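Since the structure comes first, as structure tokens, the remarks are kept for the end.
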Amino acid sequence: MGANIHPTASVERGAELADGVEIGPYCTVGPRVVLAEGVRLLSHVSVTGNTHVGARTMIYPFAALGHPPQDLKFKGEDTRLRVGADNVIRESVSFHVGTVTGRSETIVGDKGFFMAGGHIGHDCIIGNGVVLGNNVPVGGNAVIQDFAILGGNAAVHQFTRLGKYCFIGGCAPVVGDVIPFGMVDNNGRLHGLNLIGLKRRGFKRETINDLRAAYRELFHGEGHFWDRFAGVAEKYSGSPEVMMIVAFINAGQKRELCLPDRG
């Protein structure tokens, strides 16, 4: 079957193109790029570096994948970009390779939707089913877990972690770790749980009730936060979803938690 390459495209020797790959007008593909089965580069797409793009991912015009990181310490080391399967990468999106001072690779999971103008910085780890709205920059070494949704023009600080199923409001500055299932308002403050997302994902009412109760105790209870945290970890030890929040908080290192406005 082979690959379908437009005559105006430039594919350098050494690039690996699986069956069913389509490379449209004026695309450029570097010599170390691997495009899996069914990948489509629509037009004017640039893929370079040590970059692997997973099956059936569709990349729209002027997207740029695998270029050097925006890091002044980078000296051309051999680092990587790994993009999973079934992603939609819209116009002018950029994904950069990693750095040797970070993870040495940037990883993007499967079935993501990356709207126009978004950016995934060096050494990020992006989970499955993530949605980035228009013009969302994600700083280097950030981690965005599965099924997170980020509204347009939100901005994610480097080294920040966003937990599974969280929702980030449009234009929000994300400078602290966002718990799984958390909802961040347009001012960058934690504002309850992503209840609509939980319902749409089919979480049971009992699970949602546990999460809401645990959230209230953690962030709106009396006394010291870490005392409340210990109480929640013990009280809800039988709830896998609450324990996801507990484990996420325990794993924090670089950034403080994103917290509600208690004023």
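Each reported figure results from applying straightforward, stated rules to the coordinates on display, with no laboratory input. Model, not experiment: these values are computed from the prediction. Here the Cβ is made from the backbone with ideal geometry for all residues, glycine too, and neighbour counts use every protein chain on show.
Below, the figures for the structure above:
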quantity	calculated
Extreme residue, positive dipole direction of the chain, given options 232, 72, 152 (C-beta unit charges)	232
Rounded Å value of the spacing that divides the Cα centres of region 1-47 and region 71-110	18
Two-decimal Rg/Rh across region 4-141, once Rg and the Kirkwood Rh are taken from alpha-carbon atoms	0.94
Size of charge dipole - the chain - debye, nearest 20, with Cβ of Lys, Arg +1 and Asp, Glu -1, no other charges	340
Net dipole in debye of region 202-250 [+1 Lys, Arg Cβ; -1 Asp, Glu Cβ; about Cα centre; nearest 20]	180
Counted charge near residue 181, where neighbours are those whose Cβ lies closer than 14 Å (Asp, Glu -1; Lys, Arg +1)	+4
Interatomic Cα distance distribution for region 199-263, bins of 10 angstrom, percent	19, 52, 26, 3
Listed residues 126, 208, 23, most fluctuating in the chain (Gaussian network, C-alpha, under 10 Å)	208
Region 169-263: relative contact order in percent, alpha carbon pairs under 8 Å with at least 6 residues between	36
Proportion of all alpha-carbon pairs of region 100-225 beyond 27 Å (%)	19
Most fluctuating residue given options 22, 91, 206, as computed from a GNM of the chain linking Cα atoms under 10 Å	206
Degrees separating the helix 205-220 axis from the principal Cα axis of the chain, which is the longest one	70
Point-to-point label distance, residue 247-residue 153, nm (Cα→Cβ direction, 7 Å offset)	3.7
Stretch gain in nm, segment residue 18-residue 224, where the contour uses 0.36 nm per residue and the Cα spacing is subtracted	68.5 nm
Cα-based reach from residue 204 at 26 Å (exclusive), listing lysines while leaving out same-chain residues under 8 positions away	111, 164, 235
Inter-label distance, nm, simple model (7 Å from Cα along the C-beta direction), residue 259/residue 237	2.7
Spread of Cα-to-Cα distances over 10 Å intervals beginning at zero, given as percent, for the chain	8, 30, 30, 19, 10, 3, 0
Percent antiparallel among DSSP beta bridges (both partners in the chain, rounded to 5)	5
Percent RCO, i.e. relative contact order, over region 202-250, from Cα pairs under 8 Å lying at least 6 residues apart	34
Mean ellipticity per residue at 222 nm, deg cm²/dmol - from DSSP H runs of n ≥ 4 across the chain, formula -39500 (n - 2.57)	-5000 deg cm²/dmol
Relative contact order computed over the chain (Cα-Cα under 8 Å; 6+ residues apart), in percent	9
27 Å Cα-Cα threshold exceeded, pairs from 73/254; 199/254; 75/254	199/254
Tilt relative to the chain, helix 225-235 - C-alpha long axis, 0 to 90 degrees, to 10	90
